[in-house]
Amino acid sequence: MSDTGAAFARGKVFLESLKLPVLPSATPLPLGEDKFTVKKAYASQANKNLSVAMLDVIDKSDGQRKILSAGRNRFGILGQGDDVKESEFFKPVNFGDSPISTIELGSRVGFAVAKDGKLYAWGTNEH
């Protein structure tokens with residue numbers, strides 16, 4: 001992240017899943033600097049087929065905090081619905097009206113803790 005709230009990424013697998021060029025330096029993420037200010041980034045990478053990023057952003061149009069996700073993961077870690085395995089564009093993850101304070105991403109499961117204490121979990125639901 002930059003001081004102005006722009007997001008950058010490195011890593012061949014992740015950048016290729018977003019169909020972005022792999023540069024020797026960090027690659028800017030196409031969020032539309034006029035739309036979002038990035039506050040925090042979360043990432044998970046297990047192998048070349050499982051690479052996800054979530055961004056905690058402020059939407060400049062309405063001042064609301066949102067969580068966006070993109071990448072590739074067959075276990076539902078994107079948080080965009082059970083059938084969504086890949087997203088090359090950052091899209092909102094719905095946590096209802098609960099502002100999220102922290103997120104943890106694994107290769108098969110994700111967790112978010114809301115400021116009101118609610119715990120959200122998603123992914124394989126194997127354990």
- line: Reported set for segment 1-40 where residues are touching a residue at least 40 places away in the same chain (Cβ under 8 Å) and either in contact with a Pro (Cβ under 6 Å, 6 or more places away or on another chain) or more than 13 Å from ALA53 (Cβ to Cβ) (or both) is GLY5, LYS19
task: Go through SER44, SER17, SER51, SER25 for me and flag whichever is among the hydroxyl-bearing types (Ser, Thr, Tyr) and loosely packed, with under 14 Cβ neighbours inside 10 Å.
output: SER25
query: Just checking, how many residues over segment 35-85 are in contact with a helix residue (DSSP H, G or I) (Cβ under 6 Å, 6 or more places away or on another chain) and of a type in the set (D, E, K, R)?
result: 2
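The rows are residues; the columns are (1) farther than 23 Å from VAL38 by Cα; (2) surrounded by 14 or more Cβ atoms within 10 Å (Cβ to Cβ); (3) among the small types (Gly, Ala, Ser); (4) modelled with pLDDT under 90.
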| position | (1), (2), (3), (4) |
| --- | --- |
| PHE75 | yes, yes, no, yes |
| GLY79 | no, yes, yes, yes |
| ASP97 | no, no, no, yes |
| SER101 | no, no, yes, no |
| PHE111 | no, yes, no, no |
| ASP116 | no, no, no, no |
| GLY123 | yes, yes, yes, yes |
| GLU126 | yes, no, no, yes |
query: Would you call LEU78 without any contact (Cβ under 8 Å) to a residue 12 or more places away in the chain and touching a Ser or Thr at 6+ places or on another chain (Cβ under 8 Å)?
result: no
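Looking only at segment 97-127, count how many residues are farther than 24 Å from ALA7 by Cβ, in a loop (DSSP other than H, G, I, E, B) and out of contact with any Leu (no Cβ under 9 Å at 6 or more places or on another chain). Give the derivation first.
Taking segment 97-127 and keeping what is farther than 24 Å from ALA7 by Cβ, we get 97, 108, 116-119, 121, 124-127.
Cutting the leftovers down to in a loop (DSSP other than H, G, I, E, B) gives us 97, 108, 116-118, 124-127.
Next, only the ones that are out of contact with any Leu (no Cβ under 9 Å at 6 or more places or on another chain) stay: 97, 116-118, 124-127.
Qualifying residue count for the region: 8.
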message: Of the residues PHE8, PHE36, only one is at pLDDT 80 or above, farther than 25 Å from ALA114 by Cβ and among the aromatic types (Phe, Trp, Tyr); which?
response: PHE8
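The values are calculated or read from the model by the stated rules, or taken from the named source; none is laboratory data. Only a predicted model underlies this, so the values are computations on that prediction, with no experimental measurement involved. Glycine gets a Cβ as well: all are built from the backbone with ideal geometry, and neighbour counts include every protein chain shown.
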